[in-house]
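Student: After the structure tokens below, expect a handful of questions from me.
The values are calculated or read from the model by the stated rules, or taken from the named source; none is laboratory data. Small disclaimer: the values here were computed from a predicted structure and weren't measured. Every residue, glycine as well, gets a Cβ built from its backbone with ideal geometry; the counts of neighbours run over all protein chains shown.
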């Protein structure tokens, strides 16, 4: 899916970049009159559309680190669950209980819990506050971190050039 923006007469494009693939595209653009972001509308044939937010309605734009308390909690629970399962299996193997089967699943859970912390580190949320519903973009775990950082920083710098308040 190719997302495009339509500029009005005399409107100047300051920044435009696109990220993602056909199933989950993201487009970010800033002009001297508006901000363009990709939104998702559910239960529609074309579920992604480009939303034009006039600069007059934009209150502020922020780029803040993701609070990782929830991430730490979930990844710790997954890791500890795998550790407890592995300890139970090893205890049964040590006591030579009949019918004990060694499974790779506990180790997989431990690796998933650790990987969530590694891949989730350093993510930032881009938020556009306006008179309407705020737009928030929280990138995925496995997305290209350099590309995401370049898009987010370029978008914020373009908002600064368009004289939008940054928080």
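Student: Restricting attention to segment 123-137, and to residues there that are in contact with a helix residue (DSSP H, G or I) (Cβ under 9 Å, 6 or more places away or on another chain) and farther than 21 Å from residue 18 by Cα, which single residue is modelled with the lowest pLDDT?
Tutor: Residue satisfying both the conditions and the ranking: 132.
Student: Moving on. What do you reckon, is residue 58 out of contact with any strand residue (DSSP E or B) (no Cβ under 9 Å at 6 or more places or on another chain), farther than 17 Å from residue 151 by Cβ and at pLDDT 90 or above?
Tutor: Answer is no for this residue.
Student: Criterion first (surrounded by fewer than 17 Cβ atoms within 10 Å (Cβ to Cβ) and either in contact with a strand residue (DSSP E or B) (Cβ under 9 Å, 6 or more places away or on another chain) or within 23 Å of residue 123 (Cβ to Cβ) (or both)) does residue 35 satisfy it?
Tutor: Against the criterion (surrounded by fewer than 17 Cβ atoms within 10 Å (Cβ to Cβ) and either in contact with a strand residue (DSSP E or B) (Cβ under 9 Å, 6 or more places away or on another chain) or within 23 Å of residue 123 (Cβ to Cβ) (or both)), residue 35 does not qualify.
Student: Right, here's the next one. Every residue in segment 117-167 that is out of contact with any strand residue (DSSP E or B) (no Cβ under 9 Å at 6 or more places or on another chain) and farther than 18 Å from residue 52 by Cα, please.
Tutor: The answer is 117, 118, 119, 120, 121, 140, 141, 142, 145, 146.
Rundown of residues vs (1) under 19 Å from the mean Cα position of the chain (by Cα); (2) touching a residue at least 12 places away in the same chain (Cβ under 8 Å), yes/no style:
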{"site": "4", "(1), (2)": "no, yes"}
{"site": "7", "(1), (2)": "no, yes"}
{"site": "10", "(1), (2)": "no, no"}
{"site": "15", "(1), (2)": "no, yes"}
{"site": "18", "(1), (2)": "yes, yes"}
{"site": "24", "(1), (2)": "yes, yes"}
{"site": "29", "(1), (2)": "yes, yes"}
{"site": "33", "(1), (2)": "no, yes"}
{"site": "39", "(1), (2)": "yes, yes"}
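Student: If you don't mind, another one. If residue 122 meets every condition in (1) loosely packed, with under 15 Cβ neighbours inside 10 Å; (2) on the phi < 0 side of the Ramachandran plot; (3) not in a helix (DSSP H, G or I) apart from one, which number is that one?
Tutor: Of (1) loosely packed, with under 15 Cβ neighbours inside 10 Å; (2) on the phi < 0 side of the Ramachandran plot; (3) not in a helix (DSSP H, G or I), only one is false for residue 122: (2).
Student: Does residue 36 meet the test of being closer than 19 Å to residue 154 by Cβ and touching a helix residue (DSSP H, G or I) at 6+ places or on another chain (Cβ under 6 Å)?
Tutor: no
Student: I'd like to verify a number: residues in segment 61-96 that are touching a strand residue (DSSP E or B) at 6+ places or on another chain (Cβ under 7 Å), surrounded by 15 or more Cβ atoms within 10 Å (Cβ to Cβ) and at pLDDT below 90, how many?
Tutor: 1
Student: Here's something else I'd like to know. Considering each residue of segment 138-167, count those that are buried (at least 17 other Cβ atoms within 10 Å of the Cβ) and modelled with pLDDT of 90 or more, and give that number.
Tutor: Looking only at that region, the number is 8.
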